[in-house]
Amino acid sequence: MLRCHLLGHRFRFLHEGETMRWRCARGCGAEGSKRYPTARDAERYARAFDREDEADLGRRAPLGLLPLRLWRAWRRRRDGTDGGPRAVTRSR
C-alpha cells in the first residue's frame, strides 16, 4: 500500500492470553505476534505500544513534517519561550 510505504505503518496492538499481536490499521496486511511468559506481560506491552503521541506531533516529527517543525520553532521564538522542558500530560 502506497500510504504505508510513504508514511509508515500504523500498527495497532492487542493481546490474546500470553500473545501480543499487532496489525497495520491501514489494511496493508502487515502484522505479527510475540509470545510473552505471562498474559499480564503481553497485556502490559500491548497497552504500552498501542498509543498515539498526537500531543508530541511536530516536536518529534518525521522529515515529511519539517514545515510543521519549522513553524513551531518560529512560533516559540516569536512568543519568547525558551524551548526548555515542558510538562507532558498523558491521556489513557
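For region 23-45, enumerate the residues that are aliphatic (A, V, I, L, M), closer than 27 Å to Leu6 by Cα and either more than 13 Å from the chain's Cα centre (by Cα) or modelled with pLDDT of 95 or more (or both).
Listed by number, the list holds a single entry, Ala30.
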> Cβ-Cβ below 7 Å, separation at least six or inter-chain, first residue in region 65-79 and free of Cβ contacts under 8 Å to residues at least 60 places away in the same chain and part of a helix (DSSP H, G or I), second of a type outside the set (Lys, Arg) and open to solvent by less than 80 Å² (accessible area, probe 1.4 Å): which pairs?
Replying inline: Leu65/Gly58; Leu68/Gly58; Leu68/Ala61; Arg69/Gly58; Arg69/Ala61; Arg72/Gly58; Arg76/Gly83
> Restricting to region 1-14, what's the tally of residues that are open to solvent by 60 Å² or more (accessible area, probe 1.4 Å) and more than 14 Å from Arg51 (Cα to Cα)?
Replying inline: 6
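The values are calculated or read from the model by the stated rules, or taken from the named source; none is laboratory data. For clarity, every value in this text was computed on a predicted model and none was experimentally measured. Note that each Cβ is placed from the backbone with ideal geometry, even for glycine, and that neighbours are counted across all protein chains shown. To get the accessible areas, we keep the full protein, side chains included, count just its heavy atoms, and leave off ligands, DNA and RNA. Shrake-Rupley method; radii C 1.70, N 1.55, O 1.52, S 1.80 Å.
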